[in-house]
1. Taking the options VAL144, VAL134, VAL95, VAL108, name whichever one is free of Cβ contacts under 8 Å to residues at least 60 places away in the same chain, within 30 Å of PHE166 (Cα to Cα) and of a type in the set (A, V, I, L, M).
2. List the pairs whose first member sits in the range 252-277 and is among the polar types (S, T, N, Q), whose second member is surrounded by 10 or more Cβ atoms within 10 Å (Cβ to Cβ) and in a helix (DSSP H, G or I), and whose Cβ atoms are under 6 Å apart, counting only residues at least 6 apart or on separate chains?
3. Name the single residue that is nearest to SER139 (Cα to Cα) among those in the range 84-102 being hydrophobic (A, V, I, L, M, F, W, C) and in a helix (DSSP H, G or I).
4. Output the number of the condition that SER139 fails; it satisfies all remaining conditions of (1) touching a residue at least 60 places away in the same chain (Cβ under 8 Å); (2) within 30 Å of SER116 (Cα to Cα).
5. Does LYS106 fit the bill of being of a type in the set (Lys, Arg) and over 35 Å from the mean Cα position of the chain (by Cα)?
6. Hey, can you tell me all the residues within the range 120-145 that are closer than 21 Å to LEU60 by Cα and crowded, with 17+ Cβ neighbours inside 10 Å?
7. Take ASN212 and tell me if it is among the polar types (S, T, N, Q) and in contact with a Phe, Trp or Tyr (Cβ under 7 Å, 6 or more places away or on another chain).
8. Test each condition in (1) in contact with a Phe, Trp or Tyr (Cβ under 9 Å, 6 or more places away or on another chain); (2) not assigned by TED's automatic domain parsing to the domain that holds LEU109 for GLU133 and report the one that comes out false.
Amino acid sequence: MDRARLPQRRYAGLFALALFLACGCQTVKTPEEKIAASNLPREFNKTSLPPYVIEPPDLLIVEVLDALPGRPVMGEHLVRPDGTVTLGFYGDVYVAGLSLPEAKEKVVLHLRKYLSDDALGLWKKNEKGENKEVDPKDSDMVYVDIGSYNSKFYYVQGDVAATGRFPITGNETVLDALNNAGGLIPTAAPTNIRLVRPAPPGACCEQKLPVNLAAIVSGGDPTTNYQIMPGDRLVVYRDPIVRTTIFIDRLAAPFQTVINSMLQYTFVARNLQFIRAGTGTTTTTTTSPAVVQPGAR
């Protein structure tokens with residue numbers, strides 16, 4: 001009796017091992033009470049992002065009100081991969097890694113090679129009628145602003161309708177990110193979603209924050225509906241049953257290949273035997289005795 005149950009126990013052990021390997025450590029959760037007591041930015045408690053840093057491929061709006069005749073500066077200018085924007089006749093300016101006020105100051109100082117300080121608004125009369133020097137960042141004759149925020153992203157990976165990276169505006173939450181990615185697909189595990197936040201320079205490790213989607217959607221609980229930050233990775237894991245099925249299919253694939261090859265070989269061999277047998281039968285039936293002519297002895 002024990003010998004008869006031995007194969008069943010082996011199969012049960014293999015299935016348990018496959019389930020463990022497929023699930024891994026992804027079901028470990030941080031208590032939501034601990035998250036609720038933290039100061040993490042979330043829905044209804046968002047924080048302002050730090051000053052925006054210009055990087056490729058952002059679009060800058062640069063306008064000079066009193067440029068040279070026939071040499072206007074206006075419209076959107078792409079920050080190229082080398083970190084520069086071109087101002088046409090006035091040359092290129094390196095702006096990558098700068099904040100918006102810093103970029104404006106650098107543009108104004110660059111245009112000093114071609115335009116006067118009066119045209120750039122670097123002098124202004126005070127109440128006494130005296131000329132007062134104006135900081136380049138405060139010039140009202142040169143306008144610099146962000147036309148399109150293209151360099152800051154967050155990522156959605158896993159079992160969603162459309163994985164990829166999405167531009168960030170500073171107002172998105174986890175629920176917004178999932179909706180932007182088309183929502184979960186049937187193979188997803190709604191109870192196993194993580195927000196992975198990269199560690200800032202000098203920090204020891206990244207943050208792995210669990211997401212309680214049922215509480216967010218059905219209960220209106222904002223505890224785990226975190227505010228999305230630049231560089232965040234929102235990961236939707238696959239259902240453990242689906243992962244286990246795929247793992248078992250991969251284990252069985254080599255054996256299925258061998259069995260299919262054996263079946264194909266057997267099928268071909270039997271067909272050849274049948275063809276040979278059919279050919280021999282045809283030869284026997286078509287052979288007939290010699291016809292004896294009338295009167296022959």
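1. Result: VAL95 is the single residue among VAL144, VAL134, VAL95, VAL108 that is free of Cβ contacts under 8 Å to residues at least 60 places away in the same chain, within 30 Å of PHE166 (Cα to Cα) and of a type in the set (A, V, I, L, M).
2. Note: no pairs meet the criteria.
3. This residue is LEU100.
4. Of everything listed in (1) touching a residue at least 60 places away in the same chain (Cβ under 8 Å); (2) within 30 Å of SER116 (Cα to Cα), SER139 misses just condition (1).
5. No; evaluated as a whole, the condition is false for this residue.
6. Matches in the range 120-145: LEU120, GLY121, PRO136, SER139, MET141, VAL142, VAL144.
7. Judged against the criteria, ASN212 is not a match.
8. In the conditions (1) in contact with a Phe, Trp or Tyr (Cβ under 9 Å, 6 or more places away or on another chain); (2) not assigned by TED's automatic domain parsing to the domain that holds LEU109, GLU133 misses (2) alone.
The values are calculated or read from the model by the stated rules, or taken from the named source; none is laboratory data. Just so you know, these numbers come straight off a predicted model, no measurement behind them. For neighbour counting, all protein chains shown are included, and Cβ atoms are generated from backbone atoms with ideal geometry for every residue, glycine included.
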